[in-house]
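The values are calculated or read from the model by the stated rules, or taken from the named source; none is laboratory data. Everything quoted here is computed from the prediction, not taken from an experiment. As a convention, Cβ positions derive from the backbone with ideal geometry for all residues, glycine included, and neighbour counts pool all protein chains shown. Each accessible area value is taken on the protein alone, full model and side chains, heavy atoms only, with ligands, DNA and RNA left out. Shrake-Rupley method; radii C 1.70, N 1.55, O 1.52, S 1.80 Å.
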Amino acid sequence: MGKFFSDPVEQALEDIYYNERAGRGRASFEALVRTAAAGDGDACAVLSGCLRGARYVWSGHGFPEDGRLAARMLALAVERGSALGVLTALRCGELDVPEQEEAPLLQAALASVLEKAEGGDALCQYTVGDIYFRRSFLRIENKSSDSFSSPEAYTAYLAENVSRCEDWFQRALEGGVSLAADSLGGYYTEGIADIVPPQPEKAAALLKTGAERGCPALQCGYAQQLEKAGEKAEALQWYQQAAEGGQPGAWYEVGRMHFDGDGAEKNEAYACQCFEKELPHGHIGSHNLLGKACFYGRGVPQDYDRAFQLLRFAYEESNRGGSHNNWGVYYLGKCCFEGWGTRKDYEQARLYLTQMDWEYWDASYMLGVMYARGLGVQQDIKRGVEYLQKAGDHPEPQEELLKYKKTIFGKWVRR
């Protein structure tokens, strides 16, 4: 048997939390499913976290998210006597036991998890830290402000206990639990009102600590921190490590920097290879930039069919998710206007182009042509001319403008 849990559970903790970049998370997830089905309560508790999404487990594992099944697993964990399950249920607001049984159950669970935490288990260290951070110890000890002789005594008690989360989160982070960096970051940045003051200077070092520990998510976060500070070459190195460790979106960051030669040697072909790696995960930015590359033939052969498919996927997926992304609407509009990679559709071209929130002469030119000629929209020569004039002194709009004149009555007409 393992030191703290059964062998399958300990292996799952190693693969899912402590050594994420090893790429064994999926295999351990399947092993957890089997172990939970065999009656292991701790397996149920860990499996519940795996099913709850990025707040509870690294998104790079690609585990399915299923709230109902997660709740069912957590209930089974409590039913089967898992101390970790009891404290996780407390955190999730899903602990459902008779009131008279709650305090003894929670106290026994904390004692068990605390023993494992002191013995070196990083997930238990994180769990203990969370108990103090969220002030759950009040419920466990069955205390409230009424339990103290004065408000000052209550505040002192809170400060003493809440501050304990710092050491436990630090230990968990050193043990590989990347989630601890988020909790500790919040603790340092915001503090606890009237109890613990903010310590923002400590927050800045967290990402570096986690990055050096090998956590892909924190390597990516540290790279973003470095890039924002102008340290782009070093940022690229960390993006690369995060990408190689499986962090979703990190290959996009590597590709983006190489595509534009921003902090890296410009290499459009390599950039496109990086974008390709993100496509199976539906990464919107990679679809957009690879679509742009295909549109112009930068780093890949020019391919309007693929450009349109990639850019339309990014556009539709972002809209479906509720966060409108109009990054590629110029290219989509151009394809519909010219019939490149799709059928010629002036109405759709206009719909795309009017979503642009930046100025570009070619978009104004196309809108000018459509309004002036009545293509896909009711003809409005005056409006079309305004767009054409806005397009500037490029040959295409200037040539189109020659086809229209203003009458002595001030009306624009075709010559």
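Largest mean-square fluctuation among Ser144, Ser178, Ser163, in a Gaussian network model of the chain whose springs join Cα atoms under 10 Å apart, belongs to Ser144. Mean separation of Cα pairs under 8 Å and 6 or more residues apart, divided by the residue count, gives the chain a relative contact order of 7 percent.
Give me the percent of accessible area attributable to carbon and sulfur for the chain, probe 1.4 angstrom.
47 percent
At a threshold of 8 angstrom on Cα-Cα distance, excluding pairs fewer than six apart, so keeping six or more, what relative contact order does the range 187-269 reach in percent?
Numbers: 104 pairs, mean separation 14.2, N = 83.
Reported relative contact order: 17 percent.
The local environment of Ala172, defined by Cβ-Cβ distances under 15 Å, has a net charge of -3 under the rule Lys, Arg +1 and Asp, Glu -1.
Residues considered: Tyr331, Tyr157, Tyr270. Largest GNM mean-square fluctuation over the chain, using C-alpha springs under 10 Å, is found at Tyr157.
Once you sort the root eigenvalues of the Cα gyration tensor of the range 1-137 as a ≥ b ≥ c, which label holds: rounded (a/c under 1.5), prolate (a/b larger than b/c) or oblate (the other case)? Intermediate values should be presented prior to the final figure.
Numbers: a/c = 1.55, a/b = 1.38, b/c = 1.12.
Since a/c reaches 1.5 and a/b is larger than b/c, the shape of the range 1-137 is classed as prolate.
For the range 281-400, averaging the sequence separation of C-alpha pairs within contact (under 8 Å, six or more residues apart) and dividing by the residue count gives a relative contact order of 16 percent.
With a 1.4 Å probe and all protein chains left in place, how much accessible area per residue does the chain have, in Å²?
Working: 19950 Å² over 415 residues.
Heavy-atom accessible area per residue stands at 48 Å².
Per Stokes-Einstein, at 25 °C and 0.890 mPa s, what whole-number D in µm² s⁻¹ belongs to the chain, with the Kirkwood radius over Cα pairs as the hydrodynamic radius? Kindly include the intermediate steps, with their values, before the conclusion.
Numbers: Rh = 25.3 Å.
Diffusion coefficient, whole number: 97 µm²/s.
For the cross-link pairs Lys334/Lys382; Lys266/Lys292; Lys334/Lys390; Lys232/Lys266, which exceed 20 Å when the distance is taken from alpha carbon to alpha carbon? Walk me through the numbers on the way to the answer.
On the way: Lys334/Lys382 22 Å; Lys266/Lys292 16 Å; Lys334/Lys390 17 Å; Lys232/Lys266 13 Å.
Checking Cα-Cα distances, Lys334/Lys382 exceed 20 Å.
Each label was represented as a point 7 Å from its Cα along the Cα-to-Cβ direction; for Lys3 and Tyr360 these points are 5.7 nm apart.
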